[in-house]
Every structure is written in structure tokens, then in C-alpha cells.
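What follows is one structure encoded as C-alpha cells, with my remarks underneath.
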Amino acid sequence: MRADLLGLALAWVSSASAAPPSAPVAPPPPPPVPVEEGIAAFRAVASVLQSPRCQNCHPAGNAPLQTDASVPHSMGITRDSPRVGLDCATCHREVGLGLPLVPPANPQWHLPPAVQVFEGRTPAELCAQLKDPAQTGGRDLAALQEHVAGDPLVLYGWDPGGGRSVPPLSHATFVARFRTWVEAGAPCPSP
Amino acid sequence: MRSSPQSLSRRGFLAGLGVLLVAVHLPPAEAAAVGSPSPLSAFVGIAADGTTTILSPSSEMGQGVCTALAQLLAEELDADWSLVRVVTTEGPEFRRSLGPGYTMQVTGGSTSVPVWSEPLRAAGASARDRLVRAAAARWGAPAASLTTDAGVVHHPDGRSATYGELALEASKLRASRNPPRKPRTVDRLVGTSVPRNDLVAKVTGAATFGVDIRIPGMLRACSVACPVFGGRVGAVEDAAARAIPGVRDVLVFEDFVAVVADTWWPAKRAVEALKITWEEGANAGLDSAGVSAALRAGLDAERPFVGRSEGRSPALWPAEEVLSADYEVPYLDHAPMEPLNCTVHIQPDRCDVWVGTQVQTMVLQAAAKATGLREEQVFVHTPYLGGGFGRRGNNDWVEQALAIAVRLQKPVQLLWTREEGIRHGFYRPAFAGRLRARVAAGEVRGLHVRVAGDNILHRYRPRLLQGLPLAKALPMEGLLESSPYGFDDVRMEGVLVDLPVPIGFWRSVSHSYTAFFVESFLDEVAAKIGVDSVALRRGLIRDSHARFRAVLELAVEKGAWGKPEAGRFQGVALHESFGSICAQVVELSMVGGLPKVHRITAAVDCGPVVNPDLVRAQIMGGALFGLSEALGARLDFKAGRVVQGNFHDYPLLRMKDAPNVEVHIVENPTAPVGGIGEIGTPPIAPAVCNAIFAATGRRVRSLPILPALAGGKA
Amino acid sequence: MKFTVNGKAVEVSATPDTPLLWVLRDHLDLTGTKFGCGLAQCGACTVHLDGRAIRSCVTPVVEVQGRTVRTIEGLAPEQGLHPVQTAWIEAGAPQCGYCQSGQIMSAVALLAAVPDPTDADIDAALSPNLCRCATYPRIRDAVHRAAARMRDAR
């Protein structure tokens, strides 16, 4: 997301510099995004968060989920597995083979903290949760925008290989919807 | 340094200086008892350094047979156990030493120790006798005055000679007709838990399995057969496959295609890159629902084969006294951990085949046929088997490897993928069972069992097995005379349901489902009449089957029957297979609607025990092997194809679901020698299902358990 | 492709996407590491990469360039056995033995992380390693024995 913000800033700087020097006025505030549009955008965001590629690593229980059916990880894998010498990277390699049924690979492969649950939450709950830094690893909305835009594991969700499904929105649309939601003041759907 | 049971070549073995060979033949009675007469000419040789090489007629596939058989021979030989090495012998030698009734060398049916105990003891006694006489000749002393102790012959005056020192002289002596035998009371090896002789090799990676064979210049092959059984190759587009670096050739056969490469990975990738049009043939419509329907139709068939009938016909039972239930089990794969593989090296005057096989003779015959060589020119080497469980009693992949090698004229190792193994197995057949009991005045008066499914012997090659009298009764193993229970009326029936699915001998064969059917249904009956499961069985065991009582009581006592831990529930089952009796008490709890097995207590009577630790290991492994499939695995068919392909959808038991198995042995040294490799498997599925019933009131009548409970099919 | 196996520098000509398993088995003739499934479902191919357990059947050799691999053949000192191997023998754990290289390599990784594991720890660490002979109770026993041996040696 940093790149997007930088782009916006540069755009502003360039448009500002194009303005007549004799008339230094503050830029007009961006047109406010209507709340309804923000809520609609969040529902789209939620549909991504609860697609298998995202919620499999944000499970409600102690075990990650797997496959497009989002079933608990086989073999008894849990958050605790790395403690007993069983790292995610034991099977989820850095480059991997990119073949069907072979564990997806990514150098960053890991589980988020246990509070960051997407599985089984309503959109309203997800929304409240994203605005609570205690449940986002201390990330504010700007940091979350960076996360969804550029985190390697988030990006993996759109390039999972092995014939796995991808989220229902393209990554660019997802990021745009997320931004729309933030720009609308991060309104939440009613429960 | 590699170690393997075949690491000593036969010729090297024979050429060794100071070698003593002892020829033995199976007595005809023993041979007749297994339906396949004796397959060996020589069992033991001693080198000058004392190294005692024992030739095992059986393949080592984890059951510990190379240890147990060596114990038997070394016992009578009075060998120094630390000098004993074991080699699985080869087919041609077997064949030459056998009489005209010879059929095949086979490791299966839990027969190794029952069949070979006496011949191996006799071989040991004969060898010891020759060593003693060689010493007697050397010292000019009467043989009767000499004694032996752990590989050494002693003279009363204090002189001694090792077996190694005497071996060459001894080998020149003629064998005595009736060499003296040690009294059984002085056994020092048999009956003890000497450690398996393959442990070091198997914990260091040094053990050589078939897949580890390396021949100079050897190419690697990967193959794929038509996914529909009986289908053939139509068109093959192989440009993409041939473009993969390392690929040497694409070979098209009638019913499979193989890619040959310098190493295996490119061969495997190339197989995936092939575009093959299959001629799927007549079985393309096969699906699981059709199989199930055919089995159910079999239950209603008009003319069953009647294997046992006593008392009144069930047709005459008063309807109000009849309790009835239908059961079903699915096709299962053996899935040995070592994927199927075979290495073939054809030369102008000989063919060497290295393969983890349970049927060396079939390999031998197939190699002779494929190469045009005489059987004497074929050498079958048996490395360690990475699991067998019956799968390696077939020869299908060996025939593929031979065909590839004949075409290539280069040494080649064929290795199947796991998927090819699961989709082209010789499966435990699916079976349906209809069980009916006559219950009157709170007692079980009659039992009527009908099983319907395919018959392995109708499909097995060589086809001569089909003619055996046991062929018709095979699907009814466990229902006939071996069944411990007596009723006023008994009727045991089998119905052949011909299905186009390859089937074979899967650990415990028909016992794997007859035990599930009968031992589950008896529990239904017990619940119906309000009798404790153990009490019901106690009351039904026939006096002629008294050994079963001791086994049941031991399991009941050690498993604390009737006194489970809080929140846990018990189930029991009792079954005889392959001459041995096993009872199991299972204790489980239900977690989230699914069973969690905490404890398995087993009691076993296998007659004389060669190695108690091996017995405990086999009962433990057999029970957990049975638990594996009872819980979660099944094969489904869709559009003529096996749906499952690897361990993600053919789930085997994992450690987290494997409870400890406590094994208690009923001492019965005077009984006939029973088998042990398969005995632990039959009782576990019914014991677990009986415990689930105790916990939930739900009766699982169709395996596997987990889908049955989840889908409400129980 | 250059890397270190069991203390020795090796160079192989395999394509970068070749799984390490097949480089070990077919290029380097280190056959103690086994093929069982090809999908990281069974653990028979477990080796250590820079001291951490990995499944070599799903690890392309390009990932191990310049790194250090240890296989079952390199576990023991020149003479003798690793304490985990000794414990395995004591417990009589192997049957067919095919999975045991992978079981042992996984157990060594467990004991490095948790020197005195409970039954639950062992189950968690080793459940990804299949054993068709189902020697699991004896493997559990062997891991406890190994932990005791390694504790005594400290």
C-alpha cells in the first residue's frame, strides 16, 4: 500500500506544483465516499477474507485449514506444531514444485496470531475486528491497507498454484474495495 | 555398507570355502497342509570364519520372519547366534530341490513359521550332526561322547573345535537319516525375544529395498496403465514427454505406456506430459453405487454355496424369533510404504530380477517367459520388502518391468507412483453380509450368515489355484469350522458376485470382513437380549473350541472388561485366523461424535511361540493396520476409475490416532504352530464398532467408521 | 547445483526443479531417504536442511543451493550410532523399516526442539510420518528412550 500512498502524494505534489504559485490554496478534500458504498465495499472484502485462500490461514480453531473445502489440516497440524520441530516449512517450501496436491510453497508461510480469525465470522464481526488493533497485530487501517496490498502471503492467495481456487475478486479489485471502505470511514455492516 | 537379505549371491555362497550345505525337503504332510509343496534345497551354510548363513524360504516384509526362521534352525544347530546371517533364498534353487508336486515359493497366509518350523529344525539338527561327526573323525572319538555349545564342538578331555573349523570336513559327510534332536526343554533361542536381525540396517538407511537396487548403467522407468480396469492404449502423443531433459524413450505396450529416463523424476514428469487416448473398454461404467447394488443383489440370490449347515434350515425359523442385519465393507488397498518397483537386467545367458516379492516362483516363471531363457537362467533376488500385506503376492508390475527390459535390452528399474499403485491394486474385495439370528427365550439358538462378493481365487493367476477345494470356501474363511460358536441351527452361505475389479489377498483376507460381520452382529444380539457381550460369547463357545475361552478370558482380565475409565466405553471381539486365536478389548471415548481409541488389549494363542517380541509386534501392528482401514479408508469408483490416489484421500492411520496395544500371550506350547502376521487384524474393526455402540447406541454396519458416523449411514 | 550433503560438498547436474529426494537417490545414490508419496503426505523422504526437518520430495534442489543437507546416512558419527538410532533398536521399533529413516529424522528434529517430549508432543511431531506396519507405539517408546539417552549424555 505504501506505493499507492506514495503515488497519491506524488500526484498531489505534481498537481500542486502545476497550480499557479500566486494562489496557494489547500487542496480540496477528496469527495467523501458514501457510507453505503463503504459497507458494500466491505462486504466484497469479507468475501475475499472468507475464501479458502485467506480463511484457511485465519481459522477459528487451533489448526489451519486446507483445500478449497477449508477442512482442518490433516496429520494433526496445529499452531503448536513448530514448537515440536515441525515447522510449516517442513512441507511448505520456499519455491516448491507448483504441482497439484503438493503443499503450497512460500518463503513466508506461517500462521497469523490466533486472534486473527476469519473463519465463521459475520461481515459485521470481521469489520469490527479489523478496526480493533488488538485483533490485527497492532495494525491500524493504513497498515492493514499495506498488508492486503503487498504482503507476500496475501499475494500468494492469488497465485496459489497446483490448480487451487483464487479469491472471488482480483487482487487489484480487492485492494480498491479495501481502500474504498477505509475512505468511507471504515463503516461496518449491521450485525 | 549396504545390508540386505540377498546381499550374498548364490554363487558366492556356494563357492565359499568350507561351506556346509544341508538339503532338506518338506515332508509331504506339511506340504499338503498349505496346498503348495516344499520349495527349498538348502537352508544353511557355515563359512570357515564361523559365519552361519541361513537361507530363508520366506520374504522379509516386516513380520520378522528372517529372524524367527533363523532362530528355529539355529536352535537345533546349536549355532553361535552372533554369527548367524539370513538370506532370502532364490526361486530356481527351490525349484530344483523339490519333488514333482512343487508349485510355488510364497510368503503369505501367515504360513512361514507353521510350515517351516519342522523342516528348519530338522535342517539344523542334520547340520549339527555332521559337524559333530566331523569332529569325532578328527579326534577319533565316539560322536556320542561329544557335545556342542553355541557353535563349538567339545571333547570330554577339553579339546574343542568351532563349527567354522569343522564345516569343510562336515560338508563331505553324508547326512544321517535320523540325526539326534535336542530336547525342546533346552531351547535357548526359540521362545526368547532375540532382537530382529535387521534392526541396525533399518535404522541407518543401509537396508536395501527393491527401490534401492543400483545396477551400473541402469535406466529408470515410470509407467501408467489405463485408469479403467481392462482398458487398452489407443493413441499416444508423446512430443512433450520426449522433450523433457533426461528422457530416453517412450514405450507403448498393449495396456500401459512407460517412459524411460536416466533418472526417475524426468520419467515421472514425462508420464504426466503424455497425452494418451485410452480404449476404456467394457468397464468404463463401473461406479461405487453399482458395486453396492450388485453386492446387495447377491444377498438375495437364489442358490448360495452352503459352507456349513447344522440343525434346522433358517427358512423354518419363526419370524418373530429372527433378528437380522445387513453389513458392508469396501474395497481396500494394501498401500505398502514402498511403492511397487522391479529391477531387471537381461544378458544373453541370464536374467536377474530384483524385486520385493511374496511369490518368487511367479517372478521366475514370468521372467523365463518374457526373455525366452530357461528358468535355470533366471535369478530372482529378494531384497527387503517395504511392506507387503499381500500386494506383492501379485506379479503385475513385474511383468511390466520385464516387458520394458526386453524392449530396451538395458538394465532398468521400473518404479510406480503412489497414484498408480492405489489405482491399479489387487484390492481386498468389497463384501456384503446378511446376518440373521434366531433368538428364543433370551438365548441365541441359531446363526445364519450369508456373504456376497467376488472370489479372489476366481481371478488369481496361476489359475490352477481355482481348482483347489478351498476355492469356493475362501470368501467364507472364519465362518466355518474355525468359528468357536455353536448353535442349534447354523447355516453359512456364500454368493459369488462377479465384478470387474482386480482383487487379491489383503492382510487376513476374508477374515477381515467375516470377523467384522459376525463379531458385530453377536453384539447386536447381546444388546437385544440384554446380555453382556463377553457373557454371550462365553455361553456360545463350543467345548471343542476350548482354547478360545482362555484367550477371551485373558483379554477380558487384562483389558479390565466392565471397568473402563470414566467417560470411556469398551468393545470386545474374538476371532481365529490362520491357526491362531486373538481376542481384543478396546476402550474408547467419543470426541465430537467420533471415536478416539485409547487402549487396545489383545490376547493371542498361536501355539508354540518362537519369539514373543515378534508376536507382540505383529499383533500390535496387525490390530493397528486393521484400525487404519476400519476408521477412514475406502476405495470408490467413478466412470470406471478408482477415485482415490494418494494418502490425502486414502488416509492411513497416523500416530495421533494409534493407541498403545498391550499384547498378552496364552502359553500353549503343545498346540499346532499357528500363524501370527495377520492374526491381529480381524478382531479390531468389530471391537471398535462394539465400543462405539456401547458409547452411543449407534451400530456401524458399514465401514469405514468415520464417514459412516459423519454421514449417518450407520 | 552445489550444496553440502552429510559434510561433503557435492555438485549435481539435475534441473533446478528436480526434487531433492531424487537428486539424493538417483544422482548421489544416497538411497536411505525414501520415496513414499511425492506429496509430503507420508514423511518417508524427511531430511534436514540447515538443521531443520524438510520433506525432500517437495523441495526442488534449487532451494538447497549453497546450503547443508543431512540424510539418515549422515546422522551417526563415523563409528557407531546416533542415540536416536540406538533407542530405535532398543525399542525394536522397525518392522518393514521403509519409513524409519523419515521417522528417525523427524524424531531428531523433535528432540532438538523439545528435549524431553510428552506423548502428546511425540504424536504432534510424528503424526505426519506414516508407518503402514503401524509401529507407532514402539516409535513413541523409542523417542522416550532417545530423550533419556540424550539427557544422560548431557
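Just so it is clear, none of the values below were taken in a lab; they were calculated from the coordinates. This one's a predicted model, so the numbers in the text were calculated from it and none came from an experiment. When we count neighbours, we look across all protein chains shown, and the Cβ atoms used for this are built from the backbone with ideal geometry, even at glycine.
Considering only DSSP beta bridges whose two residues both sit in segment C:2-74, what percent are antiparallel, to the nearest 5? Before the final figure, lay out each step's value.
Details: 11 of 13 bridges.
Looking only at bridges with both residues in segment C:2-74, the antiparallel portion is about 85 percent.
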Note on the protein assembly as shown: the mean projected area of its alpha-carbon convex hull, in nm², is 50.8
Simple spin-label estimate for B:ALA289/B:VAL236, 7 Å along Cα→Cβ, in nm, reads 3.6
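Over segment A:33-183, what relative contact order in percent results from Cα pairs under 8 Å that are six or more residues apart?
Working: 198 pairs, mean separation 50.0, N = 151.
About 33 percent, as a whole number.
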Checking C:ALA120, C:ALA40, C:ALA14 against a Gaussian network model of chain C (alpha-carbon springs below 10 Å), the top fluctuating residue turns out to be C:ALA120
A chain fully extended from B:ALA315 to B:THR670 at 0.36 nm per residue, minus the present Cα-Cα distance, gains in nm 123.6 nm
Restricting to Cα pairs under 8 Å and 6 or more apart, the percent relative contact order of segment C:2-74 works out to 41
Volume per residue (Å³) of the convex hull spanned by the alpha carbons of segment C:2-74 is 72
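Evaluate the charge dipole of segment C:2-74 about its Cα centre and quote only its size in Debye, nearest 20, assuming +1 on the Cβ of each Lys and Arg and -1 on the Cβ of each Asp and Glu.
Values: 8 positive and 7 negative charges, 40 e Å.
Roughly 200 debye, rounded to the nearest 20.
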What the Cα atoms of segment B:379-462 span along the principal axes, largest first and in whole Å, is 74, 26, 24
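Taking each residue in C:51-63, count the Cβ atoms of any other chain within 10 Å of its Cβ, then average. What number comes out?
Working: counts 0, 6, 6, 7, 7, 1, 4, 11, 9, 7, 2, 2, 7.
Taking all residues of C:51-63 together, the mean is 5.
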Relative contact order of chain B (C-alpha contacts under 8 Å, at least 6 apart) in percent is 14
Within the under-14-Å Cβ sphere about B:PRO183, not counting B:PRO183, Lys/Arg +1 and Asp/Glu -1 give a net charge of +2
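With each run of n ≥ 4 DSSP H residues scored as -39500 (n - 2.57), what mean residue ellipticity at 222 nm is computed for the protein assembly as shown after dividing by its residue count and rounding to the nearest 500 deg cm²/dmol? Walk me through the numbers on the way to the answer.
On the way: 32 runs with 342 residues, N = 1059.
The per-residue figure over the protein assembly as shown is -9500 deg cm²/dmol.
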Listed by chain and number, the lysines with an alpha carbon less than 30 angstrom from that of C:LYS34, same-chain partners under 8 positions apart left out, are B:LYS202, B:LYS268, B:LYS275, B:LYS410, B:LYS656, C:LYS2, C:LYS8
One would report the antiparallel percent of DSSP beta bridges in the protein assembly as shown, rounded to the nearest 5, as 75
Within the under-12-Å Cβ sphere about C:ALA44, not counting C:ALA44, Lys/Arg +1 and Asp/Glu -1 give a net charge of +4
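Mind checking the mean number of beta-carbon atoms from other chains within 10 Å of the Cβ atoms in B:623-630?
The per-residue average across the peptide is 2.
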Segment B:407-454 and segment B:665-684 have their Cα centres apart by a whole-number Å value of 22
Taking Cα atoms, the helix C:136-153 axis meets the longest principal axis of chain C at an angle in degrees (rounded to 10) of 90
Given a Förster distance of 60 Å, the FRET efficiency implied by the Cβ-Cβ spacing of A:GLU36 and B:ALA440, rounded to the nearest 0.05, works out to 0.20
So, with points 7 Å from each Cα along the Cβ direction, the A:VAL71-B:THR185 label distance in nm works out to 6.1
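What does the charge count around C:THR4 come to, taking other residues whose C-beta lies under 12 Å from its C-beta (Lys +1, Arg +1, Asp -1, Glu -1)? Intermediate values should be presented prior to the final figure.
Working: positive: C:LYS2, C:LYS8, C:ARG67, C:ARG70; negative: C:GLU11, C:ASP50.
Taking every other residue near C:THR4 into account, the sum is +2.
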For B:ILE54, B:ILE46, ascending order of other Cβ atoms within 10 Å (fewest first) is B:ILE54, B:ILE46
The simple spin-label model distance between A:ARG43 and A:ALA124, using points 7 Å out along Cα→Cβ, in nm, is 1.4
Mean projected area, convex hull of alpha-carbon positions in chain B, reported to one decimal in nm², is 32.4
